[in-house]
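Heads up: the structure comes next, in structure tokens.
The values are calculated or read from the model by the stated rules, or taken from the named source; none is laboratory data. What you are looking at is a predicted structure, and each value in this text was computed from that prediction instead of being measured. Using ideal geometry, Cβ is built from the backbone for each residue, glycine included, and neighbour counts are taken over all protein chains shown. Surface areas here come from the heavy atoms of the whole protein model, side chains and all, with no ligands, DNA or RNA. Shrake-Rupley method; radii C 1.70, N 1.55, O 1.52, S 1.80 Å.
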Amino acid sequence: MASVALSEAEKVYIVHGVQEDLRVDGRGCEDYRYVEVETDVVSNTSGSARVKLGHTDILVGVKAEMGTPKLEKPNEGYLEFFVDCSANATPEFEGRGGDDLGTEIANTLYRIFNNKSSVDLKSLCISPREHCWILYVDVLLLECGGNLFDTICIAVKAALFNTRIPRVRVLEDEEGSKDIELSDDPYDCIRLSVENVPCIVTLCKIGYRHVVDATLQEEACSLASLLVSVTSTGVVTCMRKVGKGSLDPESIFEMMETGKRVGKVLHASLQSVLHKEESLGPKRQKVGFLG
């Protein structure tokens, strides 16, 4: 993960500010930076989104392809995640430098979406045991400015909201063989419900307090962080501790409560933005770098 070098004086300045609920950029401990969300930015995908949170820039594309259901889940489709850490994000990702981070992020996404209530995977099934939709979710890190996991989750949820899957009919002839017919109408498609898709809220422990949406400088002052996956109703679906430091039970409980509280507000704001952008229709002005 991208990192910055700070002097001891700078670290003391940041830590003391957090204790007073006043961060370097003027935010409180539970405040996010300004978030830019734009959907439908890549034309050759089933759904896409670009999210910029501070100096962290993420592009997500979703491609729907037909495949065979997994043996253990014959009446469900499934999602595949791939994370590419661009060398443009930070020089540390040059060569194979970002492979480990990409694998770590992909595994975290698999863990989040392994929850049956996150996405209705049965709606992706075309014919049990024979055909289903596979959603390939490609995540590209364009710029790394702290709080990667939260930004990626927001981008994935926005891209899934924007995803349109062609409607399919299964035709069976007299001999019993099945034929699949895709609708030619681009508006005749199915949409995924992302209402229950969780978002990650990362809480970094700095001193005896914790902050959300940490910058790279704040992450350098934190020895331990807690990733809390929260739904729109404030339900925690999973947690993961990262960093070399330790967290006492009382701190974990406080961080969970903060994660649930902040997560509900984050979901409400994101849903509002997504519905507002969709209401503008295809004539909306594209303001991103692909506009």
Check Val137 against each of (1) in contact with a Cys (Cβ under 8 Å, 6 or more places away or on another chain); (2) over 18 Å from Tyr34 (Cβ atoms) and name the one condition it does not meet. (1)
Mind counting the residues in segment 145-163 that are modelled with pLDDT under 90 and closer than 26 Å to Ser43 by Cβ? 0
With the condition kept exactly as written, say whether any residue in segment 150-172 is open to solvent by less than 40 Å² (accessible area, probe 1.4 Å), among the acidic types (Asp, Glu) and not in a strand (DSSP E or B). yes
All conditions in (1) touching a residue at least 60 places away in the same chain (Cβ under 8 Å); (2) not in a helix (DSSP H, G or I) are true of Glu76 except (1)
Do we find a residue being open to solvent by less than 10 Å² (accessible area, probe 1.4 Å), out of contact with any Leu (no Cβ under 7 Å at 6 or more places or on another chain) and of a type in the set (A, V, I, L, M) anywhere in segment 107-115? yes
Out of (1) more than 14 Å from the chain's Cα centre (by Cα); (2) open to solvent by less than 10 Å² (accessible area, probe 1.4 Å); (3) modelled with pLDDT under 90, the odd one out for Leu135 is which? (3)
Tally time: how many residues in segment 163-204 are among the hydrophobic types (A, V, I, L, M, F, W, C) and over 23 Å from Val60 (Cα atoms)? 7
Check Phe82 against each of (1) touching a Ser or Thr at 6+ places or on another chain (Cβ under 7 Å); (2) within 30 Å of Ser222 (Cα to Cα); (3) open to solvent by 70 Å² or more (accessible area, probe 1.4 Å) and name the one condition it does not meet. (1)
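Starting from residues that are outside any loop (DSSP other than H, G, I, E, B) and farther than 20 Å from Val139 by Cβ, keep the ones in segment 13-56 and report whichever is most open to solvent (accessible area, probe 1.4 Å).
Of segment 13-56, the ones outside any loop (DSSP other than H, G, I, E, B) are 13-19, 35-39, 47-53, 56.
If we keep only those that are farther than 20 Å from Val139 by Cβ as well, we get 13-19.
Details: Tyr13: 158, Ile14: 14, Val15: 35, His16: 117, Gly17: 16, Val18: 1, Gln19: 30 Å².
For segment 13-56, the residue satisfying everything is Tyr13.
Kindly indicate whether Leu192 is over 26 Å from Ala9 (Cβ atoms), in contact with a Leu (Cβ under 6 Å, 6 or more places away or on another chain) and at pLDDT below 90.
Judged against the criteria, Leu192 is a match.
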Name every residue in segment 40-53 that is modelled with pLDDT under 90 and either within 14 Å of the chain's Cα centre (by Cα) or of a type in the set (D, E, K, R) (or both), in order of residue number. Asp40
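Looking at segment 218-232, is at least one residue touching a helix residue (DSSP H, G or I) at 6+ places or on another chain (Cβ under 8 Å), farther than 25 Å from Phe81 by Cβ and not in a loop (DSSP other than H, G, I, E, B)?
Yes, segment 218-232 has at least one match.
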